[in-house]
Amino acid sequence: MDSYVEFHNGQKMPLLGLGTWQADNREELERALNEALNAGYRHFDTAYVYNNEHIIGDVLHGWISSGKVRRDELFIVTKLPSIGMDENRVEHFLNKSLGALKLEYVDLYLIHQAIGFQYVNDTTLYPRVGDKVVLDMGTDHMAIWRAMEKQVEEGRTKSIGVSNFSAKQIERIAENGKILPANLQVEANVYYQRKELREFCKKYGITVCAYAPFGSPGRKQLFAKRGVNFEPPELLVDPIVCAIAKTHCRTPAQILIRFLLQQNIVVIPKSINSKRLRENITVFDFKLSAEEMKELEALDAGAAGRSFNLAAMFPGIELHPESN
């Protein structure tokens, strides 16, 4: 199988990348990035709100300036924050990301989510009154998309796309914009397979990237800091996943990644562990059988398998007109 998906504009996105959400410790992330680059990773996913673009930029600059990797061998993704959800702030936030990343362009720029937050300043990422996030109720997707298209036209990004958007929201952009979204990044894994949304994307030739392929178990610790009890889905110990892993002498994580890759879904597992980083990229030298794929497809729980609940993360978000 190919190791990439191709966008409508001919650009190629590696099927496997390194996710970096919740990775903002400089020493740990620098070590992980260097390990990943040595292991063969060339696709790196970040976002303005991750507060780690500057660390990624330092490492990539070191590799590029030393000649160990060429810029055109890399595929870098970052995202417009919710506080930047205004046509007049798109270019501003992309320029800030480019400066932190030490790059002249990114390969893919995504709108991080469909809902805008009230802008206070560049560092107040989640403005709140009490326990509720302060929303920008005037979020205009088409105005924002036109500003995104301008970033392509002026060379600051090769392609543009969306993250955490619904089919209805994507259709509005696809039918009214000049440039089609190249990629949709959403939560997707063996318990939450997003079959209808993926079929919808095929209609427009939009590729799909899955975050949380393991159910994002690290969120338990993150949510605990916020006083929220969260139990992540136990994909890595699922009996069927583990049985298939044993058959192939692989880890459950490798099976979960391979399941998505074989459906041409881009996957961005996050890890700062050297051993797991290398295991996660060693998934192109085996194949799941048709019967194994059927067994894994049967694990889909539909909407009940969803574990990223924005309303729980950002109380009050359900009041936004683009929340559905």
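Leaving out ligands, DNA and RNA, what percent of the accessible area of region 285-324 is carbon and sulfur, probe 1.4 Å? Walk me through the intermediate numbers first.
Numbers: 1200 of 2260 Å².
Result for region 285-324: 53 percent of the exposed heavy-atom area is carbon or sulfur.
Would you mind computing, in nm to one decimal, how far apart the modelled labels at Asn38 and Asp300 are, each placed 7 Å from Cα along Cα→Cβ?
Going from the Asn38 label point to the Asp300 one covers 4.0 nm.
Could you give me the ³J(HN,Hα) list for region 130-145, computed from phi with Karplus coefficients 6.51, -1.76, 1.60 and θ = phi - 60°, whole Hz, x at Gly and Pro?
3J(HN,Hα) across region 130-145, in whole Hz: x, 9, 10, 6, 8, 8, 9, 6, x, 3, 10, 4, 5, 5, 5, 5.
Please report Rg (one decimal) and Dmax (integer) in Å for the Cα set of region 164-204.
Rg then Dmax for region 164-204, in Å: 10.7, 35.
In cubic angstrom, how much convex hull volume per residue do the alpha carbon atoms of region 1-132 span?
On the way: hull volume 17.7 nm³, N = 132.
Taking the convex hull of the Cα positions in region 1-132, it is 134 Å³ per residue.
From the backbone phi of region 233-241, what are the Karplus-calculated ³J(HN,Hα) couplings (6.51 cos²θ - 1.76 cosθ + 1.60, θ = phi - 60°) in whole Hz, Gly and Pro given as x?
Calculated HN-Hα couplings, in order: x, 9, 4, 6, 10, 4, x, 5, 4 Hz.
Taking only the C-alpha atoms, wrap a convex hull around region 22-99 and report its volume per residue in Å³ as a whole number.
So the per-residue hull volume is 88 Å³.
Determine the percent antiparallel among the DSSP beta bridges restricted to region 70-225, to the nearest 5. The partial results should precede the final answer.
Details: 4 of 20 bridges.
Given both bridge residues lie in region 70-225, the antiparallel proportion sits at roughly 20 percent.
For region 171-305, just say rounded, prolate or oblate: build the C-alpha gyration tensor, square-root its eigenvalues into a ≥ b ≥ c, call rounded for a/c under 1.5, and beyond that prolate if a/b exceeds b/c, oblate if not. Walk me through the numbers before you get to the answer.
Details: a/c = 1.71, a/b = 1.26, b/c = 1.36.
It comes out oblate by the Cα gyration axes.
Taking 0.36 nm per residue of separation and subtracting the Cα-Cα distance, what length does fully extending Asn273 through Glu231 add? Intermediate values should be presented prior to the final figure.
Working: separation 42, 0.36 × 42 = 15.12 nm, distance 2.18 nm.
Stretched out fully, the Asn273 to Glu231 stretch lengthens by 12.9 nm.
Could I have the simple spin-label model distance between Glu196 and Thr282, label points 7 Å from Cα toward Cβ, reported in nm to one decimal?
Using points 7 Å along Cα→Cβ, the separation is 4.0 nm.
With label points built 7 Å along Cα→Cβ from the Cα atoms of Ser166 and Thr124, find their separation and express it in nm.
Using points 7 Å along Cα→Cβ, the separation is 2.9 nm.
Most fluctuating residue of Glu149, Glu27, Glu297 in a GNM of the chain with Cα springs under 10 Å: which is it?
Of the options given, Glu27 has the highest mean-square fluctuation.
Once Rh is set to the Kirkwood radius over Cα pairs, what Stokes-Einstein translational diffusion coefficient, in µm²/s, holds for region 1-42 at a temperature of 37 °C and a viscosity of 0.692 mPa s?
Numbers: Rh = 12.0 Å.
Translational diffusion coefficient: 275 µm²/s.
Give me the percent of DSSP beta bridges within the chain that run antiparallel, rounded to the nearest 5. Write down the numbers at each step before the final one.
On the way: 7 of 32 bridges.
About 20 percent, rounded to the nearest 5.
Can you pick out the pairs among Lys12/Lys79; Lys96/Lys275; Lys178/Lys202; Lys79/Lys203; Lys102/Lys287 whose Cα atoms lie more than 28 Å from each other? Show your work: numbers first, answer last.
Working: Lys12/Lys79 18 Å; Lys96/Lys275 33 Å; Lys178/Lys202 18 Å; Lys79/Lys203 24 Å; Lys102/Lys287 38 Å.
Table pairs above 28 Å Cα-Cα are Lys96/Lys275; Lys102/Lys287.
So what's region 88-172 giving for Rg/Rh, alpha carbon basis, Kirkwood Rh from the mean inverse pair distance? Walk me through the intermediate numbers first.
Details: Rg = 13.7 Å, Rh = 14.0 Å.
A ratio of 0.98.
Quick one: which of 193-199, 284-290 comes out on top by average Cβ neighbours within 10 Å, and what's the full order, highest first? Before the final figure, lay out each step's value.
Numbers: 193-199: 16.1, 284-290: 12.0.
Packing proxy ranking, top to bottom: 193-199, 284-290.
Please work out the Cα convex hull volume for region 250-292 and give it in Å³ per residue. Each step should come with its number before you reach the end.
Values: hull volume 2.8 nm³, N = 43.
Value for region 250-292: 66 Å³ per residue.
Restricting the count to DSSP beta bridges whose residues both fall in region 182-279, what percent are antiparallel, rounded to a multiple of 5?
Numbers: 1 of 8 bridges.
Taking every DSSP beta bridge with both residues in region 182-279, the antiparallel ones total about 10 percent.
Which of the three applies to the chain, rounded, prolate or oblate, going by the alpha-carbon gyration tensor with a ≥ b ≥ c and a/c under 1.5 meaning rounded? Don't skip to the answer; put the middle values down first.
On the way: a/c = 1.38, a/b = 1.21, b/c = 1.14.
The shape class here is rounded.
For the chain, calculate the relative contact order in percent as a whole number, restricting contacts to Cα pairs under 8 Å that are 6 or more residues apart. Numbers along the way, then the final one.
Numbers: 562 pairs, mean separation 63.4, N = 324.
About 20 percent, as a whole number.
At 1.4 Å probe radius, can you tell me the per residue accessible area of region 1-148 in Å²?
Details: 6030 Å² over 148 residues.
So region 1-148 comes to 41 Å² accessible per residue, rounded to a whole number.
Amide H to amide H under 5 Å from Ser271: which residues, 5+ apart in sequence or cross-chain, H placed 1.01 Å off N in plane?
Close amide H contacts, sequence-distant or interchain: Gly19.
Using helices alone, I'd like the mean residue ellipticity at 222 nm for the chain: each DSSP H run of four-plus residues gives -39500 (n - 2.57), total over residue count, nearest 500. Write down the numbers at each step before the final one.
On the way: 12 runs with 119 residues, N = 324.
Theoretical 222 nm ellipticity from helices: -10500 deg cm²/dmol.
Once amide H atoms are built 1.01 Å from N in the peptide plane, which residues 5 or more positions from Val134, or in another chain, come under 5 Å H to H?
HN-HN under 5 Å from Val134: Gln118, Arg128, Val129.
Between Ser65 and Cys242, what is 0.36 nm times their sequence separation minus the Cα-Cα distance? Round to one decimal in nm.
Gain on extension, Ser65 to Cys242, equals 59.5 nm.
The values are calculated or read from the model by the stated rules, or taken from the named source; none is laboratory data. Since this is a predicted model, take the numbers as computed values, not measurements. All Cβ positions, even for glycine, are placed from backbone atoms using ideal geometry, and neighbour counts span all protein chains on display. Heavy atoms of the whole protein, side chains included, go into the accessibility calculation; ligands, DNA and RNA do not. Shrake-Rupley method; radii C 1.70, N 1.55, O 1.52, S 1.80 Å.
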